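> Structure below; questions to follow.
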Amino acid sequence: MRLVILDDYDLASEWAAKYIRNRIVQFQPSADRCFTLGLPTGSTPYGCYQKLIEYHRSGDISFKYVKTFNMDEYVGLPRAHPESYHSYMWNNFFKHIDIDPANAHILDGNADDLEVECQAFEQKIAEAGGIELFVGGIGPDGHIAFNEPGSSLVSRTRVKTLAKDTIVANARFFGNNLSKVPTMALTVGVGTVMEAKEVMILITGAHKAFALYKAIEEGVNHMWTVSAFQQHPRTIFVCDEDATLELRVKTVKYFKGLMHVHNKLVDPVLSVKDQ
């Protein structure tokens with residue numbers, strides 16, 4: 001497990017974007033060999049997406065042969081609703097890059113049969129050869145995707161009832177009106193993400209500090225589902241200084257001492273122009 005600590009949100013976002021860029025460029029995707037990328041929504045990955053758009057506009061990266069699989073989607077919220085995760089992904093990322101819309105997979109929270117929709121999503125991931133890199137974010141209670149506290153650590157894509165804390169946290173996107181926040185969602189499972197070849201989790205802000213502490217310094221616990229990724233052979237946690245406030249000083253010092261190694265993952269920054 002790697003813990004990459006940057007000074008602030010912008011630098012953490014840039015490091016994550018450079019890492020994604022390098023992984024895709026190194027993979028050399030083609031029409032018959034797409035790079036598969038798992039993606040989150042929310043405020044944390046926004047800066048990373050902005051950087052990736054910037055790299056695409058400069059001609060350094062192409063998403064033409066990238067297949068994406070999003071973590072989750074609300075149940076019952078119209079796809080065109082400004083707060084649906086379809087809208088988030090298209091407005092904040094997809095419409096600004098050269099991805100083939102057929103390669104951008106997002107769960108349909110309005111499907112006639114939600115169980116079938118979840119099973120089909122797992123099948124699409126399998127048919128794509130699995131996920132090369134799954135990028136995720138977490139909630140203040142340590143949930144990844146919508147795998148709320150108490151979720152099975154071997155869970156698969158399914159319908160999930162949202163915890164009250166998650167509904168309250170998401171109310172800011174719905175005019176702070178709790179009654180407008182969806183109470184159910186479709187989400188990939190912890191087991192779904194664990195099967196990815198590599199996982200990168202973005203954690204920024206002091207309000208996520210206790211969750212990072214639970215993820216890094218304590219044992220695997222289904223009440224803090226992000227802690228499961230201690231068991232993954234290739235996990236990278238990317239955080240800012242504020243997110244480390246609950247970690248022991250020696251833990252922070254240890255991982256900062258490895259930054260010269262971690263930075264080799266993004267330096268040099270690779271470009272399709274050089275291929």
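> Taking 0.36 nm per residue of separation and subtracting the Cα-Cα distance, what length does fully extending Arg2 through Ala126 add?
42.0 nm
> Now a separate question. Loop-only check: which GluC sites (Glu not before Pro) in segment 212-275 are DSSP coil with at most 13 other Cβ within 10 angstrom?
Passing both the DSSP loop test and the Cβ count: Glu217, Glu218.
> Compare the Cα positions of Tyr55, Tyr74, Phe173 along the charge dipole of segment 2-265 (+1 at Cβ of Lys, Arg; -1 at Cβ of Asp, Glu; about the Cα centre) and return the one farthest towards the positive end.
Checked the options; the winner is Tyr55.
> Taking θ = phi - 60°, what integer Hz values does the Karplus form 6.51 cos²θ - 1.76 cosθ + 1.60 yield along segment 106-114, in sequence order, with x for Gly and Pro?
10, 4, 9, x, 10, 4, 4, 10, 5
> With Kirkwood radius over Cα pairs in Å defined as stated, name the option among (1) 23.1; (2) 18.8; (3) 20.2 computed from the structure displayed.
Among (1) 23.1; (2) 18.8; (3) 20.2, the one calculated here is (2).
> What does the accessible area of Glu148 come to, in Å² to the nearest 10, when a probe of 1.4 Å is used?
We get 10 Å² for Glu148.
> Quick query: amide H of Ser155 versus all other amide H atoms, modeled in the peptide plane; which residues come in under 5 Å with a sequence gap of 5 or more or a different chain?
Result for Ser155 returns Val190, Gly191.
> What is the list of residues in segment 152-180 whose amide nitrogen lies under 20 Å from a point 7 angstrom out from the Cα of Gln119, following Cα to Cβ?
154-161
> Using 0.36 nm times the number of residues separating Lys180 and Gln230, minus their current alpha carbon distance, what extension gain do you get?
Extra length available between Lys180 and Gln230 comes to 14.5 nm.
> Another question about this same structure. Over segment 197-275, with every protein chain in place, what whole percent of the accessible area is carbon and sulfur at 1.4 Å, could you tell me?
So the carbon and sulfur contribution to the accessible surface is 55 percent.
> Classify segment 83-211 from the C-alpha gyration tensor, please: rounded if a/c falls under 1.5, else prolate or oblate depending on whether a/b exceeds b/c.
rounded
> Now a separate question. Counting only other residues whose beta carbon sits under 9 Å from that of Asp100, what net charge do I get with K and R as +1, D and E as -1?
+1
> Another question, if that's okay. For segment 2-265, report the accessible area per residue in Å² (1.4 Å probe, heavy atoms, rounded to an integer).
Per-residue accessible area for segment 2-265 comes out at 42 Å².
> Next question. Residue by residue, what Karplus-based ³J(HN,Hα) values in Hz, rounded to whole numbers, does segment 260-268 have, using 6.51, -1.76 and 1.60 with θ = phi - 60° and x for Gly and Pro?
Ordered by residue, 3J(HN,Hα) equals 5, 7, 4, 5, 5, 6, 10, 9, x Hz.
> Students often get this wrong: which residues of segment 176-209 have the backbone nitrogen under 20 Å from the point 7 angstrom along Cα-to-C-beta of Val168?
176-185, 205-209
> Turning to a different aspect of this structure: What's the FRET efficiency of Ser58 with Lys197 using the Cβ-Cβ distance as r and R₀ = 30 Å, to the nearest 0.05?
0.65
> Now, a different point. Along segment 122-128, what does the Karplus equation 6.51 cos²θ - 1.76 cosθ + 1.60 (θ = phi - 60°) give for ³J(HN,Hα), rounded to whole Hz, x for Gly and Pro?
Rounded to whole hertz, the list is 4, 5, 4, 4, 4, 5, 7.
The values are calculated or read from the model by the stated rules, or taken from the named source; none is laboratory data. Note that the structure is predicted; figures quoted are calculated from it, not measured. All Cβ positions, even for glycine, are placed from backbone atoms using ideal geometry, and neighbour counts span all protein chains on display. With ligands, DNA and RNA removed, areas are computed over all heavy atoms of the protein, side chains included. Shrake-Rupley method; radii C 1.70, N 1.55, O 1.52, S 1.80 Å.
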